[in-house]
Amino acid sequence: MTDDPRSSKKYSKIVHETVNKKYKKRIIVNKLVTIFTIVCVIAAIVPLASILLEVIKNGVSAISFEFLTQPQGSIGSGSGGIAPAIQGTIIVVGLASLIGAPIGVLAGIYLSEFAREGIFPDLVRFFNDVLTGLPSIVIGIVGYVAIVLSIGSFSVIAGAISLSIIMIPIVVRVTEETLKIVPYSFREAGHSLGISKAKITLSIVLPSAKNGILTGIVIAVSRIAGETAPLIMTILGTSLFFTGITGPVDALPLRIWRLASQPYESAHAFGWGSALILILMILALSVGLRFLAQRNTFKVSA
Amino acid sequence: MAIEEPIEADEAMLEGAKESTSETKVQESTEKYKVRIEKVNGWYGAKRAIKDVNLNVKDKAVTAFIGPSGCGKTTLLRCLNRMHELTPGAHADGRVVVDGIDIYDKSIDPVVIRRRIGMVFQKPNPFPTMSIFDNVAAGLRLNGMKNKTILREIVEESLKNAALWEEVKNELEKPGMSLSGGQQQRLCIARALAMQPEVLLMDEPTSSLDPIGSSKIEELVRLLKDSVTIIIVTHNMQQAARVSDFTAFMYLGDLIEYGATNQIFMKPEKELTERYISGKFG
């Protein structure tokens, strides 16, 4: 009786034998792969950790109240501080974010919510991806030609615009991806209540994507806070405090580079200190925004 | 035994029968019909999902759409509040006349229609970032209502009408998503009712619920029909028999038979209907 289901027992022995024979080997392979992935994680973290340790080790000695609040003293004297650079970084990066974040988020909203199938959105996405990979020195040169030369001076605004160009493609990408993850059912519910599409996007979809989008903005801001090449071409760097958005200004990455290029030990020490300050600022931004985002979530479930 | 032939022959007879009876009905009292569906076709691109559907939905009653999967009952439902056309590439033609107004008329904005015809979906979808109160008030707030007193009153009344008030009245600030499945669905019903719709469309509202949750919703439907015209799509025939006053049976995009629920289930006129009701297919 070949239709008798019991005849499948013919295969059960050989299946069980084969499957169980490989069992021991599979356990070993499993363990090896786990160890390998852990090793890779360590390999990824070690360079980061060693950079941080090096910066802390060399930079801590330069930190003082004077360091944080005073402009640089005469070259080689080891006096003064990097206050103008700190101030400049905050201003230029802040202004760049004010320009770049809204444009990036709105473009991301367009691509995710309003774009119909067609060549235009595809072109936008393509150019966006190209922009993400553009070398920052190229953006700096363009910023120099377009803004510095037309205004007539190295300026905050030139630096801010150049940095925002680096920022926008990152924000667009993250915003679009985050919005796409929001389930369609929420938009559907909004439609069924007779709410207009713009309101649905603004009041229902965006709030639920808020955390992801904020993270994307933080990543983008952290990235531009460390960009040096565009700043060389656009803000010049000075030892003076901020004078106006059409005037030159200093910034930390620029200052680090200039200090490192000088032959004096004291300048190098200042350089390490500046690097430490820059890293701490970016860390503070990241942690601060995470904290704010978490507080908002707790408010909802309280 | 081919199924095609009986349908075509019957369709012709059905059309003929409908024309004569619907005319008399129209003469008697058009007010009795809340929604008149006239020669509605629903398309997904070039594919026609529902074909020449004619149906008159009675006011303050529960009408059920039944039929096997893919028969077009959900498509038809979504044509009634112009949600069908939100799917990319989808469109519908024909007339759907609600209280004398054809909602497919060129001058009508679909968004406005959807404020008068509410919908509840198969899987409960309360807004994730909003509290229970905000969820129910969402439709009103986002359409411009600001008066806090009125909002509070409407939210309370809607939650009561959805049989959820007693369970949540002390926890209105909790997130909508913290409720159980059945409660979430009643929350969605409250949210839809807050807009004071005249017609409530329900797309398999109990499919994702457990039996107790389902029976609570069915009870709700029976209570609500005195104030709202309800059209419910269900793949559960027994539910249709329990809950509805009128039933429409669809198959492969055609409306096969429509009549009083008692008649459809006890003495169906079409052989196809009879075969579906008795579980021979579907």
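Derivation of every value follows stated rules applied to the coordinates shown; laboratory data play no part. Fair warning: this is a prediction, and the values are worked out from it, not measured in the lab. Glycine also receives a Cβ, built like all others from the backbone with ideal geometry; neighbour counts cover every protein chain displayed.
Legend: calculated FRET efficiency, A:Leu123 to A:Ile181, from the Cβ-Cβ distance at R0 = 22 Å, rounded to 0.05, equals 0.40.
Please order B:Ser131, A:Ser79 by the number of other Cβ within 10 Å, starting at the fewest. Please list the in-between numbers first.
Working: B:Ser131 22, A:Ser79 12.
In order of increasing Cβ crowding within 10 Å: A:Ser79, B:Ser131.
The Cα center of the stretch A:85-100 and the Cα center of the stretch B:262-282 differ in position by 73 Å. Residue order for B:Tyr44, B:Tyr258, fewest other beta carbons within 10 angstrom first, comes to B:Tyr44, B:Tyr258.
In chain B, the longest principal axis of the Cα atoms and the axis of helix B:181-193 are about 90 degrees apart.
Size descriptors for the protein assembly as shown (Cα atoms only): Rg and Dmax, in that order, 33.4, 105 Å. In the stretch A:32-121, what GluC sites (Glu not before Pro) fall in a loop by DSSP, with at most 13 other Cβ atoms inside 10 Å? Of the GluC sites (Glu not before Pro), the ones in loops of the stretch A:32-121 whose Cβ has at most 13 other Cβ atoms within 10 Å are A:Glu117. Using C-alpha pairs under 8 Å with a sequence gap of at least 6, the mean separation divided by the residue count of the stretch B:4-277 gives a relative contact order of 26 percent. Averaged over peptide B:119-131, the number of partner chain Cβ atoms lying within 10 Å of each residue's Cβ comes to 5. The lysines whose alpha-carbon is closer than 27 Å to the alpha-carbon of A:Lys10, local same-chain residues fewer than 8 away aside, are A:Lys21, A:Lys22, A:Lys24, A:Lys25.
Grab the Cα-Cα distance for A:His16 and A:Arg223, subtract it from 0.36 nm times how many residues apart they are, and report the gain in nm with one decimal. Could the numbers behind the result be given before it?
On the way: separation 207, 0.36 × 207 = 74.52 nm, distance 5.48 nm.
Gain on extension, A:His16 to A:Arg223, equals 69.0 nm.
When each of the peptides A:277-290, A:207-220 is scored by the mean number of other C-beta atoms lying within 10 Å of its residues, the order from highest to lowest reads A:207-220, A:277-290. Sorted from longest to shortest, the spans of the Cα atoms of the stretch B:4-277 along the three principal axes equal 59, 43, 38 Å.
Would you please put A:233-242, B:208-217, B:192-201, A:125-134 in order of how densely packed they are, using the mean number of other Cβ atoms within 10 angstrom per residue and starting with the highest?
Values: A:233-242: 20.2, B:208-217: 16.0, B:192-201: 22.8, A:125-134: 12.9.
So the peptides A:233-242, B:208-217, B:192-201, A:125-134, ranked by packing, come out B:192-201, A:233-242, B:208-217, A:125-134.
Here the stretch A:9-74 and the stretch A:198-222 have alpha carbon centers that stand 30 Å from each other. Scanning chain A for DSSP H helices at least 30 Å long along the axis (C-alpha atoms) with a Kyte-Doolittle mean no lower than 0.5 picks out A:9-59, A:83-109, A:156-181, A:265-301.
Per residue, the average separation of C-alpha pairs within less than 8 Å and at least 6 apart gives chain A a relative contact order of 25 percent.
Under the rule a/c < 1.5 gives rounded, and otherwise a/b versus b/c splits prolate from oblate, where does chain A land using the Cα gyration tensor? Walk me through the numbers before you get to the answer.
On the way: a/c = 2.61, a/b = 1.56, b/c = 1.67.
Oblate is the answer for chain A, as a/c is 1.5 or above yet b/c matches or exceeds a/b.
Calculate the spin-label point distance for B:Asp93 paired with B:Asn143, positioning each point 7 Å from the Cα along the beta-carbon direction, and give it in nanometres. Inter-label distance under the simple model: 3.0 nm.
Note on B:139-145: average number of Cβ atoms from other chains within 10 Å of each residue's Cβ is 4. Rounding to the nearest 10 and keeping the result within 0 to 90°, find how far the Cα-based axis of helix B:132-141 lies from the longest principal axis of chain B. Long axis of B:132-141 versus the principal axis of chain B: about 70 degrees. Highest mean packing comes first when the peptides A:193-200, B:112-119 are listed by Cβ atoms within 10 Å, giving B:112-119, A:193-200. Helix B:148-161 axis versus longest C-alpha principal axis of chain B: approximately 50°, rounded to the nearest ten.
Cβ crowding within 10 Å ranks A:Val39, B:Val233 as A:Val39, B:Val233, fewest other Cβ atoms first. For A:Val60 and A:Thr243, the FRET efficiency from 1/(1 + (r/R0)^6), where r spans their Cβ atoms and R0 equals 35 Å, is about 0.65. Calculated FRET efficiency, A:Ala198 to B:Glu171, Cβ-Cβ distance, R0 = 25 Å: about 0.20 to the nearest 0.05.
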